[in-house]
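Here's the structure, in structure tokens; my notes come after.
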Amino acid sequence: MNTPLSIHRYSLFSRSALNSRSDRVEHHGVLIRVGESDFGYGCIHPWPELGDLELEQTLQCLKNGEDTPLIRQAMHCAQHDAKARRAGVSLFEGIEMPRSHATVGLDAESFLAAKSAGFTTVKVKLGRDLIAESKQMRYLSEAFPEFRWRLDFNHTRSLAAVEGFLQSLGEKLCEKIDFMEDAWSDSDQPDGYLLGVPLAVDRGVVTNAGKFPVLVVKPAVNDADSIVKSAAAKGQKVVFTSYMDHPLGQSYAAWRAGLATSLNSSVTELCGLITHGLFQPNEFTECLGDPSPQFIPAAGTGLGFDVLLKNLEWKPLT
């Protein structure tokens, strides 16, 4: 690698498990710092449960000059971040930011907090116990009738099981569901809708995008430009979300979402950019303020966090 590159290892601690494939609450990643003096920054935060290489494998690829989606997008982030920092401007300058849903646990306390913060739509992770989750959804829908729903199964259940789950919810609640994300197993062949509810694709967004009305784009691993362009031509909707990663990575996702919305607002839907509240607070999460439907960038140049990034311990990638 010709360009000097340093890393800072970090750990985030989530308030609960963040998907139905894992119970862990400690999450490791690295920030990268690229350049000799005019630095640009990016984030690498693998989710091995969802198909990423482990962190140490990813760092070995980075050291060897090998490419992975996480490395490619982190370097893209650092490139644009550095350019803005050299110019002394924020990447968010002049960009209209889309609003977001709340990513919440399936409990009344989380729903009450989302309501108090002004959210109108909630996204929940499902698939551990569909019977219990159906009962809880019906209860919460009665207690908080103002919310619309987005459901994420992380490919933990078959299409037939999800169909049975929908039937248990009842027609009234199903009408409040915007979409269901990754709601099928690897052996299923969904056609875009299930009992009238739109299906959304996440991990296979590039290879399977043509089948689905809703595409979930994570700038941490996806080339957003090509996906949005294709979606515009096909009449599909795009939902940008963070990778549930470091606030710097979250900010990169938000910037990409803002760019896409500015260029083609008819394609981009209510996003999922507000995830820092899922973790125990730290200096970086506090820069983004209290979770609300409107993403508020951190102050500073590039993606922000100027002083915090400068004061981190950086080590050469060896």
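Taken together, the values in this text are just the output of simple stated rules run on the coordinates, not laboratory data. Fair warning: this is a prediction, and the values are worked out from it, not measured in the lab. Neighbour counts run over all protein chains shown; Cβ positions are idealised from the backbone, glycine included.
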What does the convex hull of the Cα atoms of segment 126-173 come to per residue, in Å³, rounded to a whole number? 70
Antiparallel as a % of all DSSP beta bridges within segment 102-287, to the nearest 5? 10
Cα pair distances of the chain binned at 10 Å [whole percent]: 6, 27, 35, 23, 8, 1
Could you check the spin-label model distance between L195 and E49? Points 7 Å from the Cα along Cα→Cβ, value in nm. 2.6
Non-local amide H neighbours of I177 (under 5 Å, H modeled in plane, Pro and chain starts lacking H): which ones? W149
Give the cross-link partners of K135 among the lysines, using a straight C-alpha distance below 26 Å as the criterion and excluding same-chain residues fewer than 8 apart. K115, K123, K125, K172, K176
Using only C-alpha positions, report the orientation-averaged shadow area of the convex hull of segment 102-287, nm², one decimal. 10.5
Quick one: if the Förster radius is 25 Å, what FRET efficiency do W314 and S14 give, using the C-beta to C-beta distance and rounding to 0.05? 0.50
Placing each pseudo-label 7 Å from Cα in the direction of the beta carbon, R128 and D186 end up separated by a distance in nanometres of 2.4
At 7 Å along Cα-to-Cβ for each site, give me the label-to-label distance between R138 and L263 in nm. 4.6
Farthest towards the positive end of the dipole of segment 102-287, among V228, A200, S134 and with Cβ unit charges of +1 on Lys and Arg and -1 on Asp and Glu, lies the Cα of V228
Can you figure out the FRET efficiency of Q280 with V206, using R₀ = 25 Å and their beta-carbon distance, to the nearest 0.05? 0.15
